Amino acid sequence: MSTNLQTDAHAGRLAWLTTGAPLERAARCLLVLTGFSIPLSTSLSEIATSLFLCCWLCSGDWRAKWGVIRANLVALWSLVLFGLLLVGTTWSTEGWGAAGRCLLKYREFLYLPMFLIVFRDAALRRLAVSAFLLAVVMVLGLSYTEWLTGADYGYGSSPHDFLIGKDRINHGLIMAFAAFLAVGRMTENLGRTAVDGRRAWAWAGSYAMIFVFAIHNELCMSTGRTGYVVLAGLVCVFLAELLGRRGLAIAGLVLAISGMAVVNSSSTIHDRVSETIGQLQEQWDPSRTHPTEPRLEFYANACRMIARHPWLGTGTGSFGREYARQVAGSDDRLTRDPHNEYLCLASQVGVPGALLFVGLLAFQWLAAARLPAAERSIGRGVVATIALGSLFNSLILGITGGLIYSYFSALAFADLVPVVHSASAPDIAPTAAVGKVPTKQAA
C-alpha cells in the first residue's frame, strides 16, 4: 500500500510533464527553463521565452485561454497596459521603427497572461521556483570562486563587484529576491519537520545556506544600491507576512541595527552610502555645474517633460528624442531612459499610464491576501521588488527586471480566481489535478 502511494505521489509530481499535447508539455518545460535562465543569461532567457511563445501560440485552444485571462484581473490588467503602450505608438514623436522596438521591450506585460495560464499547475510552480534558486546557487558558486581566487568569469565593473551574468543592478535584484524565496522555503520546511522529520530539516538547512550566502553576496560582494533597497523592503514583507504588525516593528529594528553594523563593517557598503550622500549634496548645491551621478538630473528633466504633456505623453518610444530636446543647449547628459519606470511610462503614455501601472501593483498586493500562503508571499515579494526597484531603474523596460515581474507575478497569481466551469469562462484544467492522488509537496 505504501509503495502504491509513493508511486501515485511520484506520478502526481510528474503530471505536468506527462499529460497534455506535445506542444503543451514543451511549453511547460520551456517555462521552467525560463525561470532557470533569469539569473544566468539574458540571451538564454530570450531563447527560452521565444520558444515558449511559439509553443504557446501553436497549441491553440484560444477560447479556453481567453476565458482564463478574462477571469483573472491581473492578466487582464497587464494586457490593458500593453494595449495602451501599443496605442501609444500612434502618437509617438519617434518613427514607427523606434516606437515598435520600445513596445517590444514591454512585451513582459504580454508574457504575464501567457505564463499565468501554464502556471495553473501547482507542481509546475514549485518546480519553477526551485529552478530559479538552482540557477542562483550556480551564480553564487561562480561569484564566490571569483572572490576567493581572483578569477574573472563575468563582467564586474569594479574590484568590489563579483558579477557573473548580470550587471550590478540586476545581480543585486536577483540576490535580494532569491534570499526572500529561500527564507520562505526554509520556513515552510521548518513547519513540516513534525511530519517529514530529517528530510524537512535537511531541506530547511539547504535553503538557509542559500539565504545566508545570497545575503552576504548582496551586502559584501556587490555595489548595486538598488539591491540594498529591495532587500530592506523584502525583509519588511517577510516579517510582516510571518508576524503581522509586530513583524513591521521588528523589521524596523532589525534594519536599523543591521544597517549600522553593515555600514561600519563593510567597506563596500560604507563607500556606496558615502557616495550616495555626496551625490545628493552635489545635486542640491546651488554652485554645482554638473553632477557626477546624473540620476536626479534625469528625474528633474523627465518631470519637466511630463509637465508639458501630462495626459497622453509623447508616445511609446519617444523618451530619448524628447529628452534630447529637453536638454538641448545645456551640459546635462543625454539618456534614453530616466532610470525610473514610473517616469518612463508617464513621459510616454501620460500620467494615467503610469497610474495604471501603479494600480496594477497595488491590486496585486491586495489580491495576494486571497492566495495560499506560498503564493501570497511570492506575490507580495515580487510586487515589493518591482515597486521599489522601479524608483531607481526602468525595470520593466529592461529585460531581466521585466521578466522577474512577469514570471513571478504569473506564478503567484495563476490561481487567483477559482476555475469556473461555464461557457463564459472555459476551463484549462491544471495538470496537477490529473488523477487526484494524494501527494506530498516537493521541497
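Of note:
- Single residue of Val195, Val212 found to be within 24 Å of Ser265 (Cα to Cα) and either touching a residue at least 40 places away in the same chain (Cβ under 8 Å) or surrounded by fewer than 22 Cβ atoms within 10 Å (Cβ to Cβ) (or both): Val212
- Scan region 103-122 for residues that are open to solvent by 10 Å² or more (accessible area, probe 1.4 Å) and touching a Leu at 6+ places or on another chain (Cβ under 8 Å) and the total you get is 6.
- Given (1) out of contact with any Ser or Thr (no Cβ under 6 Å at 6 or more places or on another chain); (2) of a type outside the set (Asp, Glu); (3) farther than 23 Å from Leu84 by Cβ, index of the condition Ala362 fails: (3)
- Here Ala300 meets the list (1) open to solvent by 10 Å² or more (accessible area, probe 1.4 Å); (2) modelled with pLDDT of 95 or more almost entirely, failing just condition (2).
Yes/no matrix, rows are residues, columns are (1) among the basic types (Lys, Arg); (2) in a helix (DSSP H, G or I); (3) in contact (Cβ under 8 Å) with a residue 12 or more places away in the chain:
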{"position": "Gly317", "(1), (2), (3)": "no, no, yes"}
{"position": "Gly320", "(1), (2), (3)": "no, yes, yes"}
{"position": "Gly329", "(1), (2), (3)": "no, no, no"}
{"position": "Asp332", "(1), (2), (3)": "no, no, yes"}
{"position": "Arg336", "(1), (2), (3)": "yes, no, yes"}
{"position": "Leu343", "(1), (2), (3)": "no, yes, yes"}
{"position": "Ser347", "(1), (2), (3)": "no, yes, yes"}
{"position": "Gly350", "(1), (2), (3)": "no, yes, yes"}
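- Across region 11-30, the number of residues qualifying as modelled with pLDDT under 65 and not in a helix (DSSP H, G or I) comes to 1.
- If the condition is being open to solvent by 50 Å² or more (accessible area, probe 1.4 Å) and farther than 16 Å from Leu388 by Cβ, then region 221-240 contributes no residue at all.
- Looking across region 334-345, just one residue is touching a Pro at 6+ places or on another chain (Cβ under 9 Å), open to solvent by 10 Å² or more (accessible area, probe 1.4 Å) and of a type outside the set (Ser, Thr, Tyr), and that is His339.
- Filtered by the rule that a residue be hydrophobic (A, V, I, L, M, F, W, C) and either touching a Phe, Trp or Tyr at 6+ places or on another chain (Cβ under 9 Å) or surrounded by fewer than 22 Cβ atoms within 10 Å (Cβ to Cβ) (or both), region 318-333 gives Ala324, Val327, Ala328.
- Residue among Ala178, Ala182, Ala128 that alone is under 14 Å from Thr400 (Cβ atoms), within 17 Å of the chain's Cα centre (by Cα) and among the small types (Gly, Ala, Ser): Ala178
- Inside region 207-224, residues that are over 15 Å from Ile169 (Cβ atoms) and among the hydroxyl-bearing types (Ser, Thr, Tyr) make up a count of 1.
- Total residues in region 193-214, condition at pLDDT below 95 and of a type in the set (Val, Ile, Thr): 2
- Members of region 82-102 found to be of a type in the set (Gly, Ala, Ser), crowded, with 19+ Cβ neighbours inside 10 Å and in a loop (DSSP other than H, G, I, E, B), listed by number: Ser92
- Looking across Phe408, Phe363, Phe413, one residue alone is open to solvent by 10 Å² or more (accessible area, probe 1.4 Å), among the aromatic types (Phe, Trp, Tyr) and modelled with pLDDT of 95 or more. It is Phe363.
- Breaking point among (1) within 30 Å of Ser222 (Cβ to Cβ); (2) buried (at least 23 other Cβ atoms within 10 Å of the Cβ); (3) of a type outside the set (Ser, Thr, Tyr), for Leu134: (2)
The values are calculated or read from the model by the stated rules, or taken from the named source; none is laboratory data. Quick caveat, the model's predicted, so the values are computed rather than measured. Note: ideal-geometry Cβ built from the backbone for every residue, glycine included; neighbour counts use all protein chains shown. To get the accessible areas, we keep the full protein, side chains included, count just its heavy atoms, and leave off ligands, DNA and RNA. Shrake-Rupley method; radii C 1.70, N 1.55, O 1.52, S 1.80 Å.
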